[in-house]
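The values are calculated or read from the model by the stated rules, or taken from the named source; none is laboratory data. Just so it is clear, the structure is predicted and the values come from calculations on it, not from any experiment. A quick note on method: Cβ atoms are made from the backbone with ideal geometry, for glycine too, and the neighbour counts reach across all protein chains shown. To get the accessible areas, we keep the full protein, side chains included, count just its heavy atoms, and leave off ligands, DNA and RNA. Shrake-Rupley method; radii C 1.70, N 1.55, O 1.52, S 1.80 Å.
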Amino acid sequence: MIQSLYEPFKHWSDDGSVWLISDPHFEDSDTKLMNPNWIDVDEHINIINNIVYKNDTLICLGDCGNLKRFNDIKCKNRILIKGNHDD
């Protein structure tokens with residue numbers, strides 16, 4: 001358990017790790033305009049799934065992009081803090 005988490009959120013680390021990511025922009029067409037070598041969505045999700053485990057919590061600090069793709073990440077809890085690119 002992560003002792004420094006606020007009490008209502010301590011259960012996030014009971015059985016696994018807590019991970020933070022930001023700005024994955026899943027399926028956001030503007031990413032290729034910013035960087036033509038922007039990582040492919042499936043590859044990005046595979047990388048994440050090779051790091052997080054089924055009992056982990058993943059927190060995305062905004063600009064997730066396609067939320068359906070966020071659900072492809074295989075962990076116990078997926079939490080999105082909405083960014084300016086999220087509906």
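Here the 3J(HN,Hα) profile of the stretch 5-14, calculated from phi with Karplus coefficients 6.51, -1.76 and 1.60 at θ = phi - 60°, is 5, 4, 3, x, 10, 4, 5, 4, 10, 4 Hz, Gly and Pro shown as x. Between residue 9 and residue 50, the simple spin-label model (points 7 angstrom out along Cα→Cβ) gives 2.9 nm. Ranking 57, 16, 34 by Cα position along the charge dipole of the chain, where only Lys, Arg, Asp and Glu carry charges on their C-beta atoms, puts 16 farthest toward the positive end.
Each residue of the stretch 23-31 is assigned a 3J(HN,Hα), and the resulting list reads 6, x, 6, 4, 6, 8, 5, 5, 5 Hz, derived from the Karplus form 6.51 cos²θ - 1.76 cosθ + 1.60 (θ = phi - 60°), x at Gly and Pro. Per atom type, the chain shows carbon and sulfur on 52% of its accessible surface, probed at 1.4 Å. Between residue 80 and 60, the built amide H atoms are under 5 Å apart, and every one of these is 5 or more places off in sequence or on another chain.
The 3J(HN,Hα) values that the Karplus relation (6.51, -1.76, 1.60; θ = phi - 60°) gives for the stretch 34-50 are, in residue order, 6, 8, x, 9, 3, 4, 5, 4, 4, 5, 4, 5, 4, 4, 4, 5, 7 Hz. Gly and Pro appear as x. Helix-only estimate, please: 222 nm mean residue ellipticity of the chain, summing -39500 (n - 2.57) across DSSP H runs of length 4 or more and dividing by its residues, to the nearest 500. Calculated at 222 nm, the ellipticity per residue is -4500 deg cm²/dmol. Between rounded, prolate and oblate, where does the chain land on the alpha carbon gyration tensor, with a ≥ b ≥ c its root eigenvalues, rounded for a/c under 1.5, else prolate if a/b exceeds b/c? Prolate is the answer for the chain, as a/c is 1.5 or above and a/b outweighs b/c.
Close amide H pairs (under 5 Å, H built 1.01 Å from N) link residue 18 with 57, residues at least 5 positions away or on another chain.
Solvent exposure of the chain amounts to 67 Å² per residue of accessible area, where only protein heavy atoms count and the probe is 1.4 Å.
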